[in-house]
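Below you'll find the structure, written out as structure tokens, and then a few comments.
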Amino acid sequence: MRDFDYHLATDVQSAIEALRNSEEGKIVAGGMTLLPTLKQRLAAPSDLIDLGGIDTLRGIAIEGKDVVIRAMTIHADVGASDVVKKAIPALAVLAGGIGDPAVRHRGTIGGSIANSDPAADYPGGVMGLGATIVTDRRTIAGDDFFLGLFETALEPDELITSVRFPIPDQAHYIKFKHPASGYAVVGVMVSRTGGKVRVGVTGAGPCAFRVTPFETALEKNFSPDAIAAIAVDADGLNTDVNFSAEYRAHIVGVLARRCVAALMD
Amino acid sequence: MGQFGIGQPVRRKEDVRLLTGQGQYTDDINIEGQAWAAFVRSSHANAKILGVDTSAALELPGVVAIFSGKDLEAAGVGVLINEAAYKNRDGSSMHKPPRQVMPTAQTRFVGEVLAIVIAESAELAREAAEAVEFDFESQPAIASTARALDADAPKVWPEFGTNQVVHWEYGDESSVEAKLKAAHTRVKVDLVNNRVAPSPMEPRCVVATYKAADNMLTVYSPTQGGRRLQTMLAKNLLKMPMDKVRIISHDTGGGFGVRSKMYPETVAVAFAAKQLGRPVKWRGDRVETFMSDYHGRDQINHAEMGLDAEGRIVALKLETLLNVGAYLSENGVRLPMEGGGRIIPGVYHVPDFYFSVRPLFTNTVCTDTYRGAGRPEANYITERLMDAAADACKLSREEIRRRNFVTQEQMPYATHLGFVLDSGDFAGTMDMALKAAHWDTFAERRKEAEARGKLRGIGLAVFIEGAGSRPVEGMRVRFEENGDVSVIAGTYSHGQGHATVYSQLVNEFLGVDYDRVKLINGDTANSPAMSNGSFGSRSSMVGGGGINRASKLIIAKGKKIAGHLLQADPEAVAFEAGVFKAGAGTMTIGEVAQASRDPKKLPDGVTPGLDEEVTYENDVENFPNGAHVVEVEVDPETGVLQIVGYVAVDDCGTVLNPFIVHGQVYGGVAQGVGQALTEDVLYDDDGQLLTASYMDYGMPRAKNMAHVEALFNVVPAKTNELGVKGAGEAGATGAPPAIVSALCDALTPYGIRHIDMPLTPEKIWRAIQAARTGKAA
Ligand SMILES: Cc1cc2nc3c(=O)[nH]c(=O)nc-3n(C[C@H](O)[C@H](O)[C@H](O)COP(=O)(O)OP(=O)(O)OC[C@H]3O[C@@H](n4cnc5c(N)ncnc54)[C@H](O)[C@@H]3O)c2cc1C
């Protein structure tokens, strides 16, 4: 790790100013993604601006028809939250299945979403539940947020302050864990709200996406059979030493059907 | 057998220290004034080294020195040795290229050490290492075991014109071939023994310090015993007197065979400390562990078996390709022969046997010993053949084995490669495992699983090992002034729990309080002159046997002293539970030890002191064996395999401490599960390592395991006085064939008879897909 200047920000505005004033500064939230890259010398920021001191960025609340999770809320708190468990149990399951206890007690929802790791869980939840990303200056629909591999709609100096999850009638999340890393080889979140169905997928592609043919078919007939014959195109999906794109495409279908089956029980 | 004697499940006395952070690993050692080392490593799998420019790196503040291969060569540093001497059938010798500590002209694998950079901090050293510029001329590389013999494969050592180290053969190929042809049934298997990264929890670390005034070099490092390394470092590499090189390992965080070797980094750090007259420390990281620790396994095997009409084996032919990496490591090339060859063809009587081994160079890091060291590979081959034979002969898997076991009546039984099995009840051990696993009621569980959409399978493997190789070891028992008794061992406990077991033995033989026995090991300055260390499941026999022999000498001498002091004939003195008795007079062993220090209290001709050192020697090793039965469930839609039941029955002879042996079995099974299910070191075609972190390399996790029911079928070894057989490697040996057998059983509905390890979900899914659509996977 190379030397850097450390700033403990006290509010969102001063964090943004510190970021703008630095040569090559970086925001640090839980540090679970950023610190390993510093240790491996893959990144060498001049400044680290820590959001850990900003109390207003922590907490979970119901606001209207949404569950609002502030950016610095750790995965363990989301996983254990009575509010989340009651309103969107699938989201608590998702958060509780991230990494290991150490990671869940440092890693934050803001950091996870800002990072857009193709194998991270939250992005699948954002797509599958139709969440909205709230930043210091605007709101961004989840559908427009993830642009590609580690690429989001955020401006370089823009901070996520919270994420709004509309409360669905029903939702279910299933993750196929990578045998080595424990990240999602594929993760699928299926939700139903009124007559609308969303199928959000993470792990399979360069960033999280929805499977609209599944959604359309399920809106007509909410059963595993309705999507059994719809193939997911493997083209453009991820391949690594353990799992091919073809396999991932297949697993998207399997997990989606299992989510639907679970919601029908 | 008292509360702490032989056979008691005594809790490990080292655990409180190790689990409360009081262990002393090499990284806990810091020496006043130390500098830090980092290595420049090759990013090329095969390249000419045209030059090196260290000027930019040397200019960085805090950089102390940089040494490359040329500097070591100029200073007269020797090469890393290999003692193997195999011959081709025509009598010509194997290829034995020298291995420089750091190559000067050609680099041959990614991660190879090219230069050592010394700086005031670890960070600075790393920074400077990145600034060292090597000028390479990249050349095509070969990493694949399967393709290394292709005519157009790049040659790791062009001067040999081939990547083949040697073609070693045993037996008469034409006779075996004729018998296979004439056999009623002939089966073949083609197997991959996948390459794995041994992965000790503690990465390598070296601290070296040199005192010029007395020309004394001290090296701290995780090892499996320092004497061999001391010899190599002193004699072959740094050319120093033996007694001027000291190797110390206080605690070592996992050995598995991979910590018993002399690595280039150790030599380079020691050289730098000596050259600079300053302590130098290097702490490797996990990526370096993946790139430069020796790997395990990596064989491709073709095997054929002929059987008669009753399913009895008539002949066996086995052809092995072994990937040794870019150089010859200390033992890698020997693993199929001295490693697995000792016990091949397993627990079965095979009248005629042909065995061919071709070790191959590739542009990868060397392979060498890893838990089991050749025996897991060998048993995997035989057990896959036995399953294939069961299919072909239409016999059950247990019946084909039963018909071919070497029986107790046949023992002592000479194996093909000249070893003699003294004991073992293979049929009884298998039956115990089948019974404990409820083999006969498996159909019910399969049916129940089917109802849940799962394919359930049960698998069996019976295996044998050879343990306690090089059975020579120094052991000393010393009586301390304060009443403690120290065992000064040539063996080295790097996790096995010797402090506990040796204390039990001293308690058993000499009646000394268990708590008063201390283990001293891991320092060449005080270890017995003959000190081999711990590897190959040897310490129970050589360490335990050594304590037994030393105890006998102590008792004999004690009787003389006690007799003298109690005014009795030494012949009339009895010894029991730590007390010498003559008539009404008694002396405890502690009292005798105390008295023995005073020459005035000794009879004529008896030297002071009660301490004894012996060099334990045995002509032969021992043959642990066992049977594993595994149950698995497969999700046919995803190919995910889950182990749901596990029984391991071991014959490791007399059990000194069942609690510790169970620990060895669980750990070994976990590593076997890793090889079978998740672990696979992968290089791409250019020789780049694709699995260099735990993000990509699948270590087995708790959820990959099931509860292991570990049982014993004790058949004491006849060839050592304690009746012990090694227990350290059995788990890793039994697990892979049992798991693959279980998977294939689960996939019976699809007619799938083999899938190569690791059994990843995608491989299983593809095999099922191919079977469904009638195409090959
Ligand atoms: C061993 C291990 C296992 C893991 N397993 C999983 C897993 O199974 N599933 C999973 O989803 N994740 C997993 N993770 C990742 C983990 O969830 C991370 O915590 C998360 O991805 C990043 O959150 P963080 O708070 O640590 O962010 P940091 O590492 O601090 O930051 C990540 C990036 O986001 C930026 N950033 C942080 N906060 C904000 C903000 N509020 N606004 C704008 N930008 C911001 C930072 O500048 C940085 O670029 C794992 C991590 C580890 C180390």
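For this structure, a couple of remarks:
- Among the residues making up the stretch A:117-130, those that are more than 9 Å from the ligand (Cβ to nearest atom) and either more than 14 Å from chain B (Cβ to nearest Cβ) or among the aromatic types (Phe, Trp, Tyr) (or both) are A:Gly125, A:Val126, A:Met127, A:Gly128, A:Leu129, A:Gly130.
Yes/no per residue for (1) in contact with a Phe, Trp or Tyr (Cβ under 6 Å, 6 or more places away or on another chain); (2) part of a loop (DSSP other than H, G, I, E, B):
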site: B:Glu288; (1), (2): no, no
site: B:Gly311; (1), (2): no, yes
site: B:Lys317; (1), (2): yes, no
site: B:Leu335; (1), (2): no, no
site: B:Tyr354; (1), (2): no, no
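- Flag if A:Gly200 is more than 14 Å from chain B (Cβ to nearest Cβ) and more than 16 Å from the ligand (Cβ to nearest atom): no
- Residues satisfying the stated conditions in the stretch A:145-168, i.e. under 26 Å from A:Val252 (Cβ atoms), within 14 Å of the ligand (Cβ to nearest atom) and not aromatic (Phe, Trp, Tyr): A:Leu149, A:Glu151, A:Thr152, A:Ala153, A:Val163
- A:Gly142 being on the phi > 0 side of the Ramachandran plot, away from the ligand (no atom under 14 Å from the Cβ) and either within 12 Å of the chain's Cα centre (by Cα) or surrounded by fewer than 24 Cβ atoms within 10 Å (Cβ to Cβ) (or both): no
- Total residues in the stretch B:720-777 satisfying the condition of being within 26 Å of the chain's Cα centre (by Cα) and within 14 Å of chain A (Cβ to nearest Cβ): the figure is 4.
- Where a residue in the stretch A:197-221 is free of Cβ contacts under 8 Å to residues at least 60 places away in the same chain and its partner, wherever it lies, is acidic (Asp, Glu), with Cβ under 9 Å and at least six apart: A:Val197/A:Glu215; A:Val197/A:Glu219
- Spans of strands (runs of 3 or more DSSP E) in the stretch B:17-83 with at least 1 residues touching a helix residue (DSSP H, G or I) at 6+ places or on another chain (Cβ under 7 Å) and in contact (Cβ under 8 Å) with a residue 60 or more places away in the chain: B:35-41, B:63-68
- Members of the stretch A:235-265 that are assigned to a loop (DSSP other than H, G, I, E, B) and facing chain B (nearest Cβ under 9 Å): A:Asp240, A:Val241, A:Asn242, A:Phe243, A:Ser244
- Flag for A:Ile133 being crowded, with 17+ Cβ neighbours inside 10 Å, near the ligand (Cβ under 8 Å from one of its atoms) and either assigned to a strand (DSSP E or B) or not hydroxyl-bearing (Ser, Thr, Tyr) (or both): no
- A:Gly253 within 16 Å of the ligand (Cβ to nearest atom) and among the small types (Gly, Ala, Ser): no
- Helices (runs of 4 or more DSSP H) lying entirely in the stretch A:1-112 (those with 1 or more residues that are within 9 Å of the ligand (Cβ to nearest atom) and at pLDDT below 95): A:34-39
- Flag if B:Val287 is at pLDDT 95 or above and either crowded, with 20+ Cβ neighbours inside 10 Å or on the phi > 0 side of the Ramachandran plot (or both): no
- Scope the stretch B:731-775; condition closer than 30 Å to B:Asp422 by Cα, of a type outside the set (Val, Ile, Thr) and in contact with a helix residue (DSSP H, G or I) (Cβ under 6 Å, 6 or more places away or on another chain); matching residues: B:Gly731, B:Ala732, B:Ala735, B:Pro736, B:Pro737, B:Ser741
- Boolean, B:Ala148 is touching a His at 6+ places or on another chain (Cβ under 8 Å), within 30 Å of B:Leu677 (Cβ to Cβ) and buried (at least 23 other Cβ atoms within 10 Å of the Cβ): no
The values are calculated or read from the model by the stated rules, or taken from the named source; none is laboratory data. Remember, it's a predicted structure, so these values are computed and weren't measured experimentally. Counting neighbours? That spans all protein chains shown, and the Cβs are built from the backbone with ideal geometry, glycine included.
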